[in-house]
Amino acid sequence: MAARATRSGDDRQRLLLLGEQIQQPRLQSCLDRWQITGPVGLISPGWEEDEDDDHWVRESLRNPVVNAMLYGLADELFARDPEVLALLRERQDRLRELRDIYQFQLHHWCAVLRGLLARRETQQIVAQPLKLAFSQLREVDRQYLTAVTDVIREFDRRIAPKHRPSIVAYQRIICQRLESCQALLVAGGHVGVLLNRLRISRVLNHVRLPIIAWSGGAMALGNKIIFYDHFHPHAGQETEFSRQGMKFFRGLQLFPNAQQRLDLHNPIEMALVAGRVPDRPLILDSESEIEWSGKRLVHAQGIHEIGTDGLLREFKP
Amino acid sequence: MMLPNQEQIVAAAAVGDEAVAELLDGYPLPLVDGDIATFVYHGAADEVVLRHWVFGLPSELHLQRAGDSQWWTLPLELPLKSRVEYKFAVRKGGHEQWILDPRNPRVAHDPFGGNSVVHMTGYEEPDWSIPKTAIPRGSLETFTMPSQALDSLREIRVYLPPRYRPNRRHRLLVMHDGDDYLKFSRLATVLDNLTTLWEIPPLVVVLLNPHDRLREYGADPRHAKFVVEELLPEIQRRYPVISEPAGRCLGGASFGAVASLATAWYYPQVFDMLLLQSGSFAFTDIGHHTRGPVFDPVVKFMNQFRDAIGQPAKRIYLSCGVYESLIYENRSLVPLLQGAGIQVKFEEARDGHNWENWRDRLRSGLTWLFPVPRWFYYE
């Protein structure tokens, strides 16, 4: 599938996706390249109660930083309007039930695929069963994502974020905080929490600015969210689709923190990842970057793509 | 790489000391080739004996003298992935001295001193147990509190994690033999690393140290009373910890595991989680035990426990070395706990009753008991 940006409304919007930044941040050079010298807004609710523990971002930038405080302000919203929190918790319970069943299905199909992938080098005979097993697993992923999307849509319908006074007030405060900003920075953290707050606040719809997003922040802006950890201390935690992302771009599936989380030198595990993902699976290291201008991918650097054979190759857009 | 073997050492010894030294130059000792470890000692002696703590092997394994030289060797089959602690007992003129292997820099420390260590092929010291400069460190605080139950003043150490936030409620882990876990199992380093890697949530860890270990930790109800009725309220008063059983874990090794299990049994539904490493869970089905008088209260407790397990906890992580004499007792506990409806994770290791075995199992135990948040976090 060709990579393309999909955000409606502003074809000129610039978007830069980076890998992990906390060790050696490159945010200043990115802002310099875009000639952004004024204040920048920081979206960091993925770090939950620690969202304002942003000293390393401030210390790495000459630009003033305004933390949008999506998480902290959402806590105040929940206190003022407990029904929103109650509905959110109800939604999370429902999602947990769906995930339990999904994981049960994953264990089965991933075990089948590992067995087949281990034999594929020597036996042509496994090609067809492999194709079938991948299509079954992709169908399991697809059905799960559909079910999750339905639950989230139902939640959105019930809380009506565009019309509910408490939520509209929350959105307004955030927009006011970011009024003077010239760009938005989207940090990682807990990607589920980040997505929840992005959706309720609708900040990326209201504040149309160039965006630099890294690691979990870059994941959240993509088409689909996938969680992965091959080095999980307890066997049985399979790579799983989680939900739809913010869909700022399609055609690419980003894997940040890959060195710590993916068994990059194990072709079977990597082929299992690549064979499931409808979009092009890309490793997003701390040196990587992908830049979009509107719907056009204008620049990619230091990116590797996971092939269906489980091997890594330089990404060619 | 072809390692020198016993035959070559014997042949070189016939030539002279320098020939053996040259043969062994650059090789770490003991020589480990697959599942054979060749122990080598050089020195004047009447006998040299390998002293080890591997239950199942003869307690005296004699090294062979190479001809008339002062070189002594012993090839020993040890399973892959084993980690074995040992000393040499050097006998000369009717005297015996236990010494570390002078040619092996690898030493494991414990409250009694230290032992030399051999790592068999496949064993690796876990990366997450090694201090790293880039990883932020937690902090340690100490306070004292009087205990009526134990009739003494107690010093309590508390580990606060790298992401400690006074305004957030943390899960609580209470560990017996806390200072030994810090010194010999690098507990603080393990916690720093696992917390920073998002493998466990930030934990407040209370480190207990006994005054009279075998008595207090030998299933003594007074110790249980101290932990539950005196210590827990004090910790909750001083630190932001979750006050529900679901947020609490009690753990320890050897007699510390007995103390943990006994406390949870005397006071059910206080700790939902237990971390029990190489528990000294001696029991009898019939007759009297042979482990010595310090085990009398332990056996009495374990026999009572095995008769009426109840619900001391909801999730129990249990580990034991297969080279320990306690492996039978630990294995036989698993079906009993599971039969009582308790979620159990049991792990065995090719190791003995020592602090590095307990260190090496900490990641698995802690990440299983405190489910992993890392799954969702991408920094």
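Laboratory data are not the source of any read-out in this text; all were calculated from the coordinates shown. Note that this is a predicted model, so its numbers are computed, not measured. No Cβ is skipped: glycine too gets one built from the backbone with ideal geometry, and neighbour counts run over all protein chains shown.
Taking the longest Cα principal axis of chain B as reference, the axis of helix B:296-307 is set at about 60 degrees.
When the Cα positions of A:HIS107, B:MET145, B:PHE184 are compared along the charge dipole of the protein assembly as shown, A:HIS107 comes out farthest toward the positive end, with charges on each C-beta of Lys, Arg, Asp and Glu. Consider a paramagnetic label point 7 Å from the Cα of A:GLU287 along Cα→Cβ; state which residues of segment A:15-32 have an amide N under 19 Å from it. So the set is A:17-30. Taking a point 7 Å out from the Cα of B:GLU229 in the direction of its Cβ, the residues of segment B:264-289 whose backbone N falls within less than 16 Å of it are B:264-268, B:270. Between the amide H of A:VAL298 and those of A:GLU291, A:TRP292, A:SER293, distances stay under 5 Å, these residues lying 5 or more places away or on another chain, with hydrogens modeled in the peptide plane.
Close amide-amide hydrogen proximity is noted between B:ASP177 and B:LEU208, each under 5 Å apart and 5 or more residues distant or on a separate chain (H modeled in the peptide plane; Pro and chain starts excluded).
Can you tell me the FRET efficiency between A:GLN23 and A:LEU209 if r is taken as the Cβ-Cβ distance and R0 is 30 Å, rounded to the nearest 0.05? Walk me through the numbers before you get to the answer.
Numbers: r = 26 Å, r/R0 = 0.87.
After rounding to 0.05, the efficiency reads 0.70.
Given contacts defined as C-alpha pairs under 8 Å and at least six residues apart, what's the relative contact order of chain A, whole-number percent? Mind showing how you got there, number by number?
Values: 573 pairs, mean separation 88.3, N = 317.
Dividing the mean separation by the residue count of chain A yields 28 percent.
Here the calculated FRET efficiency for B:ILE286 and A:ASP32, from their Cβ-Cβ distance with R0 = 60 Å, stands at 0.15, rounded to the nearest 0.05. Between 0 and 90 degrees, the angle of helix A:191-201 with respect to the longest Cα principal axis of chain A falls at about 40 degrees.
Scalar couplings 3J(HN,Hα) for segment A:37-52, obtained by applying the Karplus form with A = 6.51, B = -1.76, C = 1.60 to θ = phi - 60°, are 10, x, x, 10, x, 10, 9, 9, x, x, 8, 6, 4, 9, 4, 8 Hz; x denotes Gly and Pro.
In a fully extended conformation the segment linking A:GLN123 and A:HIS234 would gain 36.8 nm over its present Cα-Cα distance, using 0.36 nm per residue. When only Cα pairs below 8 angstrom with a gap of at least 6 residues are kept, chain B shows a relative contact order of 13 percent. Beyond 30 Å in Cα-Cα separation lie the following of the pairs B:LYS132/B:LYS314; B:LYS300/B:LYS345; A:LYS162/A:LYS295: B:LYS132/B:LYS314.
So which GluC sites (Glu not before Pro) in segment B:155-245 end up in coil per DSSP with only 12 or fewer other C-beta atoms within 10 Å?
On the way: sites: B:GLU155, B:GLU199, B:GLU216, B:GLU229, B:GLU230, B:GLU234; in loops: B:GLU199.
Passing sites in segment B:155-245 do not exist.
Among A:TRP292, A:TRP47, a tally of other beta-carbon atoms within 10 Å of each Cβ gives an order, fewest to most, of A:TRP47, A:TRP292. Amide hydrogen proximity for B:LEU76: with H placed 1.01 Å from N in the peptide plane, the residues at 5 or more positions away or on another chain lying under 5 Å are B:ALA37, B:THR38, B:PHE39.
How would you rank B:PHE55, B:PHE226, going from fewest to most other Cβ atoms within 10 Å of each one's own Cβ? The partial results should precede the final answer.
Values: B:PHE55 16, B:PHE226 23.
Listed from fewest to most nearby Cβ atoms, that is B:PHE55, B:PHE226.
What is chain A by shape, rounded, prolate or oblate, if you read a ≥ b ≥ c off the alpha carbon gyration tensor as root eigenvalues and call it rounded for a/c under 1.5, prolate for a/b larger than b/c, and oblate otherwise? Oblate is the answer for chain A, as a/c is 1.5 or above yet b/c matches or exceeds a/b. Sparse packing (at most 14 other Cβ atoms within 10 Å of the Cβ) combined with a DSSP loop state is found for the following GluC sites (Glu not before Pro) in segment A:130-228: A:GLU179. From the residues B:SER364, B:GLY252, A:GLN24, which one has its Cα farthest along the dipole of the protein assembly as shown in the positive direction, the dipole being from +1 and -1 charges on Cβ of Lys/Arg and Asp/Glu about the Cα centre? The Cα lying farthest towards the positive end belongs to A:GLN24.
Work out how much length B:ASP35 to B:SER325 would gain on full extension: take 0.36 nm times their residue separation and subtract the Cα-Cα distance, in nm to one decimal. Walk me through the numbers before you get to the answer.
Values: separation 290, 0.36 × 290 = 104.40 nm, distance 2.20 nm.
Between B:ASP35 and B:SER325, full extension yields 102.2 nm more.
Which of A:SER44, B:SER147 has the fewest other C-beta atoms within 10 Å, and how do the rest follow up to the most?
Details: A:SER44 25, B:SER147 21.
By the 10 Å Cβ count, ascending, the order reads B:SER147, A:SER44.
Ranking B:VAL10, B:SER82, B:ILE36 by Cα position along the charge dipole of segment B:6-119, where only Lys, Arg, Asp and Glu carry charges on their C-beta atoms, puts B:SER82 farthest toward the positive end.
Of the beta bridges in the protein assembly as shown, as assigned by DSSP with both residues counted there, near 60 percent are antiparallel. Each residue of segment B:14-29 was assigned a 3J(HN,Hα) from its phi angle through the Karplus expression (A = 6.51, B = -1.76, C = 1.60, θ = phi - 60°), giving 5, 7, x, 4, 5, 5, 5, 4, 5, 4, 8, 4, x, 9, x, 10 Hz with x at Gly and Pro.
What the phi angles of segment A:127-139 give under the Karplus curve with 6.51, -1.76 and 1.60, with θ = phi - 60°, is a coupling list of 4, 5, x, 5, 4, 5, 5, 4, 5, 5, 5, 4, 5 Hz, glycine and proline written as x. Taking chain B as a Gaussian network of alpha-carbon nodes connected by springs under 10 Å, the highest mean-square fluctuation of the residues B:HIS109, B:HIS176, B:HIS223 belongs to B:HIS109.
Do you know the relative contact order of segment B:189-262, to the nearest whole percent, from alpha carbon pairs under 8 angstrom that are 6+ apart? Could you put the intermediate results ahead of the total?
Working: 37 pairs, mean separation 24.6, N = 74.
Result for segment B:189-262 is 33 percent.
Indicate the gyration tensor shape class of segment A:181-224 (rounded, prolate or oblate), computed on the Cα atoms with a ≥ b ≥ c the square roots of the eigenvalues: a/c under 1.5 is rounded; otherwise a/b larger than b/c is prolate and the rest oblate.
Values: a/c = 1.86, a/b = 1.28, b/c = 1.45.
Oblate.
For A:ALA86 and A:LYS162, what is the calculated FRET efficiency with R₀ set at 22 Å and r taken between the beta-carbons, to the nearest 0.05? Please report the intermediate quantities before stating the final value.
Values: r = 20 Å, r/R0 = 0.90.
Taking R0 as 22 Å, the efficiency between A:ALA86 and A:LYS162 is 0.65.
Rounded, prolate or oblate: which fits segment A:1-151, taking a ≥ b ≥ c as square roots of the Cα gyration tensor eigenvalues, rounded meaning a/c under 1.5, else prolate when a/b beats b/c? Intermediate values should be presented prior to the final figure.
Details: a/c = 2.53, a/b = 1.52, b/c = 1.66.
Verdict is oblate for segment A:1-151.
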